[in-house]
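The values are calculated or read from the model by the stated rules, or taken from the named source; none is laboratory data. What you see is a predicted model; the values in this text were computed from it and never measured. Here Cβ is always computed from backbone atoms with ideal geometry, including for glycine, and neighbour counts include all displayed protein chains.
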Amino acid sequence: MIKEIITYPTPPSVHFAAPVRKISEVIELVKDLKDTINANSLDALAAFQIGSPYNIVVIKQDDDSFLELYNPMLVRTEGEQRTEETTAYFPGLSAMVNRADKISVVYEDSDLKSHSLQAEGAYSILLQRKIDYTFGSSFINKLDPDEKKLFQAKLEFGSNAAQIETCPTVFKREYITKLINIFMIAMVVLLGVSFFVEQETSADMWTYQVYLALSVVFFNIVYFFYAQYEGSQYSSCSSCQIGNIIGTVIISLLKTSVIVVLSYFLI
C-alpha cells in the first residue's frame, strides 16, 4: 500500500528507531515502503519517513530489485565529500552537506542474519541520509552554520531562491549623520568665536547660528525618513532600527537646542 511520506514541518515520530526482532511483524511495512518508493520514483526510504518506528531502510537498486536493511548501523567512515542534497522530508529544497566519502554499514537481512556492506560516493550519501532518519534526524543537523542559516531562510521562503540576508554594519544614512555633525561643530566654533568679536559682528553671527540650527533640523528630518526607508530593505534587522533612528534624531536635536540656547544668551 502506498503511504504518505512525512514532510516538514511534521516533527519526527521517533528519536531512535526500534530494532526489528520479528520479521513477521514488519512484512506489510516493508511492502508499503516498496510501493511508496515506486509510486514516488524514489531511490530509498526509511521506515520513519512513512511514520513507522522500526529501524528499516529499503533501497531500490539499479536492476529495480530492493535491498532490505533491517537494523542498519554505520560503523566506519572515511574521507569527506560535500554535495548538494535533496530529501523528501523537505520537498523542493536542497542544501550543501558535508558527508563521509566511504562508509561501512552493518545490517540484518529478512532472516535477521548479519551482513556488512561498504559504499562510497553517491551510494554512500544515500545510505547516510537514510540512516540519519533512524535517529529521527535529517540533513539539516549536518549543515555547517552558514549553510544552516541559508537553509532556514529557504524553509521560511519556501524556495531554493532564498538568500541569506544579513544586517549591514554600515548604512548610507551615516553620511547624513556626518553632515549634521559638521553643522553642529560649525555652531560650536561660531559660539566660541563670538567671544572675541565686536557687538555688531555678534548680531550677524547669531543669524548664521540660526541658519545652521535650521539646517541641522532639516537634515535630521531627512535622516529620519531616509533611515526608515533604508532599514526596511533589510528584514533581518529592520525591527531594531526604529529605536536607533529615533534615538539618533533626539540626541542630535537636543545637542542643537543646547547650542542654540547658549548662543542666544552669549552671542
In the set Ile27, Ile37, Ile23, Ile50, which member is over 30 Å from the mean Cα position of the chain (by Cα), on the phi < 0 side of the Ramachandran plot and touching a residue at least 40 places away in the same chain (Cβ under 8 Å)? Ile23
The one condition Glu174 fails out of (1) under 30 Å from Tyr8 (Cα atoms); (2) modelled with pLDDT of 85 or more; (3) among the charged types (D, E, K, R) is (1)
Determine if segment 85-107 includes at least one residue that is more than 30 Å from Lys154 (Cβ to Cβ), touching a Pro at 6+ places or on another chain (Cβ under 6 Å) and hydroxyl-bearing (Ser, Thr, Tyr). yes
For Phe135, work out the one condition from (1) within 26 Å of Ser52 (Cβ to Cβ); (2) under 25 Å from the mean Cα position of the chain (by Cα); (3) loosely packed, with under 15 Cβ neighbours inside 10 Å it doesn't fulfil. (3)
Residues located in segment 10-31, provided they are of a type outside the set (A, V, I, L, M, F, W, C) and part of a helix (DSSP H, G or I): Ser24, Glu25, Glu28, Lys31
Which of the numbered conditions does Ile2 fail, given that it passes all the others? Conditions: (1) part of a loop (DSSP other than H, G, I, E, B); (2) of a type in the set (A, V, I, L, M); (3) touching a residue at least 40 places away in the same chain (Cβ under 8 Å). (3)
Out of all the residues in segment 90-103, which are surrounded by 15 or more Cβ atoms within 10 Å (Cβ to Cβ) and polar (S, T, N, Q)? Ser94
